[in-house]
Amino acid sequence: MNPVPVEQQQSLVTRLMNACGGAYSPEVRRKYFITGPQWAAAYEGQALFHAPTRRPVGFEQVIREYARIGIGHWCTHDTDVIPTGMLGKDGQDDIVGRIGKALKENGLVCSMVTTETFHHAVWAASPAAEAPEVRAYAAWRLKNTVRIGHELGAKFAVYWPGSLGYYVQGAVEETETLKWYAEGLNAACEADIELAAKLGRPTLKHCMEAKPFEPQAEILLPTSDAMLSFISSGLLTHPEMVGLNPEYLHELMWGAAPRAALARALVAGKLWHFDINDGYRLKHDVDIAVGLVNPLDWLNVLVLLRSHGYEGPFNLDYKPPRTTSNFGVFEVSFPTAVDRFITLWEMAGEAITDPVIGEASAALRAGGGVKDARDVDAVVAANRELLSLHELIAHRMVQILIGQHRGRTYSL
C-alpha cells in the first residue's frame, strides 16, 4: 500500500468506520443511560511517563460532539471546567451558566458532578490531612460541587478518594483519617439537604468510587467492599444518602471479579452509579474502552445488572488511547464504545431469555430431588450430573457472544 497523504487520512478513518458496520443511530444511543465525562473526551494523552499527544478540548466542543454522536448525558469534575482559583467566585457562575446554555442547546443533561481531590498540591496528604485548614478547604470544595450539581440539574455526586492514604507506614493514624474523611462527606450531605430544600429539588445521590492502588502507595478505602463497610460504620450522619459508584477496571485491577463486587453492592442496595471501561488484572489503570479486553466478562456483568433491574448511569470512564487523534476521539473512540456497550446490553437480554440457559438454570435450582437432605451420599449422587450444566451455561454464553447460537460456524 502506498503512503497515505495527511489530507486523506481522516477520510480513510471515516470510510473504514463505515465499513465496520454495526453502528447505532444517535437516536438509538440516546435511549440508554450512557454518560460522557468531560475528562474522558478532553484527555490529551498525558500520563506519568507520557507527554500529551492531543490538543486541548473545551466543554463546548465536548458537549457538541456528544450530542452529535448520541450520548445524552454529560458529567465533570469541578476543575475540569473551572480553574481552581476561580472556584466559588464570579467566574464560576459565568462558566456554569455557559455550561448550562451549551447543554440546553445540544439537548444534553448533566447527570453527575465530582470534586477533584487528588491532583492539586493541596491534596498532597489527602483531603483528610492532619492540618485542619486542609480539611476545611476540602469540605468547602465538596459543598461547592454540590452547589454546581444543583445548578446544572445533576442527580449524582461521585467521590474518588484516590489520595486518601499514605506513602510511608506510620505517617498517618488511619482511624483518624477515616473520621476526618467522613466529616467532609457529612458536610457535603448537609449542604445538599439545605440546597435541595431551598431549590425544591431532590437531594443528590452521593456515590463513592473505590480503587485498589495508585496514586497513593497505600489507599485506605481500596475496594467497594471497604466502602460498604465505611458507609455502615457509623461515621456518616446520613448513610442513606451515600452509595457506590464501582468502576469495572478498579475492581478488576486487584484480581477480583467485577460481577461479584457488583452483586455485593446490589445486595446492600448501594449500586447507584457504574463507571464502565476495560483493562487487565493486576495492572495499572489503563482505562481501555468497554468490551475491548474482556467482552465475555462484560456480557456476564450486564446479565447480572439486567436481571436485577439496574437503571442507573453507565459512565464512560475511559481514556481514548494516546495513539488516537483529536478527530479519532469523536469519530472512533466514543461511538464504538457506546455501540459495543449497547450490543452487549442487548445480548445480555437475549441471554436472560435464552431457553437453553433457562432450562439449565432451572434444573440446577430444582436439584435431584433427594428427600432426606441429611443423606450426604444421596445428595452428591443426585446432583452429580446436573453440575455439568455449569460448563454448559458458560459455553452457551460464548455462543451468544460470537453468534454461534444463530448458526455462525467456521470451517478450517
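Since every read-out is calculated from the coordinates, none of them should be taken as a lab result. Since the model is a prediction, treat every value here as computed from it, not as a measurement. Glycine also receives a Cβ, built like all others from the backbone with ideal geometry; neighbour counts cover every protein chain displayed.
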task = Provide the packing ranking of 346-352, 180-186, i.e. peptides ordered by the mean count of other C-beta atoms within 10 Å per residue, highest first.
result = 180-186, 346-352
ask   = Under a plain spin-label model, where a point goes 7 Å from the Cα along Cα-to-Cβ, how far apart in nm are His308 and Lys179?
value = 3.3
ask   = What is the order of Phe327, Phe341, fewest Cβ neighbours within 10 Å to most?
value = Phe327, Phe341
Under 5 Å, built H, 5+ apart or other chain: amide partners of Gly45 = Thr53
Gaussian network model of the chain, Cα within-10 Å springs - most flexible of Ala260, Ala196, Ala19 = Ala19
remark   = Placing +1 on each Lys and Arg Cβ and -1 on each Asp and Glu Cβ in the range 24-353, then taking the dipole about the Cα centre, the residue among Tyr280, Thr323, Leu103 whose Cα reaches farthest towards the positive end is Leu103
Peptides ranked, highest mean first, by Cβ atoms within 10 Å: ranges 386-399, 79-92, 368-381 = 79-92, 386-399, 368-381
note = Taking a straight Cα-to-Cα line shorter than 27 Å from Lys89, and setting aside same-chain lysines fewer than 8 residues away, one finds Lys101, Lys104, Lys143, Lys155, Lys198, Lys205
inquiry  = Sorting check: for 332-338, 231-237, 359-365, 262-268, which peptide has the highest mean count of neighbouring beta carbons within 10 Å, and how do the rest follow?
reply    = 332-338, 262-268, 231-237, 359-365
request  = State to the nearest 20 debye the size of the charge dipole of the range 131-251 about its Cα centre, where the only charges are +1 on K and R beta carbons and -1 on D and E beta carbons.
outcome  = 540
ask   = What value, in deg cm²/dmol to 500, does the helix sum -39500 (n - 2.57) over DSSP H runs of n ≥ 4 give at 222 nm once divided by the residues of the chain?
value = -14500 deg cm²/dmol
request  = Report the residue, chosen from Ala121, Ala226, Ala256, that carries the largest GNM mean-square fluctuation when the chain is represented by alpha-carbon nodes joined by springs under 10 Å.
outcome  = Ala121
message = In whole Hz and in residue order, list the ³J(HN,Hα) couplings for the range 116-131 that follow from phi through the Karplus curve 6.51 cos²θ - 1.76 cosθ + 1.60, θ = phi - 60°; x for Gly and Pro.
response = 6, 10, 8, 9, 5, 4, 5, 9, 3, 10, 5, x, 10, 5, 5, 5
remark   = Spelling it out for Cys207: with amide H atoms placed in the peptide plane at 1.01 Å from N, the residues 5 or more places away or on another chain with amide H under 5 Å from its amide H are Ala157, Val158, Tyr159, Gly243
query = Any idea what the relative contact order of the range 24-353 is, in percent, if you count C-alpha pairs under 8 Å spaced at least 6 apart?
reply = 17
task = Let me know the charge dipole size of the chain about its Cα centre in debye, to the nearest 20, where only the beta-carbon of Lys, Arg (+1) and Asp, Glu (-1) is charged.
result = 1020
note = Taking Lys and Arg as +1 and Asp and Glu as -1, residues besides Arg384 with C-beta under 15 Å from its C-beta add up to -4
ask   = Using r as the Cβ-Cβ distance of Lys283 and Thr53, and R0 as 22 Å, what FRET efficiency do you calculate, to the nearest 0.05?
value = 0.60
task = List every residue whose amide H lies under 5 Å from the amide H of Glu218, counting only residues 5 or more places away in sequence or on a different chain, with H placed 1.01 Å from N in the peptide plane.
result = Tyr166
task = Report the one residue of Gly72, Leu228, Cys207 whose Cα lies farthest in the direction of the positive end of the charge dipole of the chain (charges on C-beta: Lys and Arg +1, Asp and Glu -1; origin at the Cα centre).
result = Gly72
Val370 paired with Ala124, simple spin-label distance in nm, labels 7 Å along Cα-to-beta-carbon = 6.4
key: Using a Förster distance of 45 Å, the FRET efficiency for Glu350-Arg15 (Cβ separation, nearest 0.05)   = 0.90
task = Using a/c under 1.5 as the rounded threshold, could you call the range 355-406 rounded, prolate or oblate? The axes a ≥ b ≥ c are square roots of the C-alpha gyration tensor eigenvalues, and prolate needs a/b larger than b/c, oblate otherwise.
result = prolate
query = Quick one: putting +1 on the C-beta of Lys and Arg, -1 on the C-beta of Asp and Glu, what dipole do you get for the range 64-134 around its Cα centre, in Debye to the nearest 20?
reply = 440
